[in-house]
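Remarks on the structure that follows.
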Amino acid sequence: MIQASSVQEILYNFSMFSFREFAAKSKTVPLCEHAESRVFKMLLKSDKITATEATMLSDKDKKVLFELLTQHIMFLELAPDFTFPDGLLDGSSGMELGLPLLTYIHETAWLFPKPTQESS
């Protein structure tokens with residue numbers, strides 16, 4: 001079994017590499033339904049997402065991915081005893097998220113109420 005802290009560390013490091021410069025700006029970028037749809041399709045269709053690829057997303061797409069990962073990091077902080085099946089982190093590191101982890105994020109989606117969003 002994989003401990004919550006291992007998953008949290010990978011998500012946190014990936015977020016730091018991907019969104020370090022975007023984090024402050026994210027407060028001014030609204031969530032957008034179209035961007036949410038694009039990001040969920042990306043999670044479903046990708047076998048991995050690198051930190052470099054994440055930095056190249058549009059601001060609206062970055063906002064969705066940033067918020068999703070932040071929610072997962074927060075959840076794991078609140079549930080340190082949570083465990084995951086072996087293999088969840090296959091292909092994942094602080095610089096890329098592999099297929100099993102992307103699938104988990106796609107399937108669990110928003111762990112807390114989703115922030116307010118606009119329709120475009």
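Miscellaneous remarks
- Looking across the range 3-25, the residues that are part of a helix (DSSP H, G or I), under 14 Å from the mean Cα position of the chain (by Cα) and among the small types (Gly, Ala, Ser) come down to Ser15, Ser18.
- In the range 32-50, the residues that are over 23 Å from Asn13 (Cα atoms) and in a loop (DSSP other than H, G, I, E, B) never reach a residue that is at pLDDT below 95 and acidic (Asp, Glu) with C-beta atoms less than 8 angstrom apart, at least six apart or across chains.
- Qualifying positions in the range 51-66 - out of contact with any helix residue (DSSP H, G or I) (no Cβ under 6 Å at 6 or more places or on another chain) and either surrounded by 19 or more Cβ atoms within 10 Å (Cβ to Cβ) or outside any helix (DSSP H, G or I) (or both): Met56, Leu57, Ser58, Lys62
- Those residues of the range 95-109 which are on the phi < 0 side of the Ramachandran plot and of a type in the set (Gly, Ala, Ser), in sequence order: Gly98
- Check on Pro80, assigned to a loop (DSSP other than H, G, I, E, B), surrounded by fewer than 16 Cβ atoms within 10 Å (Cβ to Cβ) and without any contact (Cβ under 8 Å) to a residue 40 or more places away in the chain: no
The values are calculated or read from the model by the stated rules, or taken from the named source; none is laboratory data. Bear in mind the structure is a predicted one, so any value in this text is a computation, not a measurement. Glycine also receives a Cβ, built like all others from the backbone with ideal geometry; neighbour counts cover every protein chain displayed.
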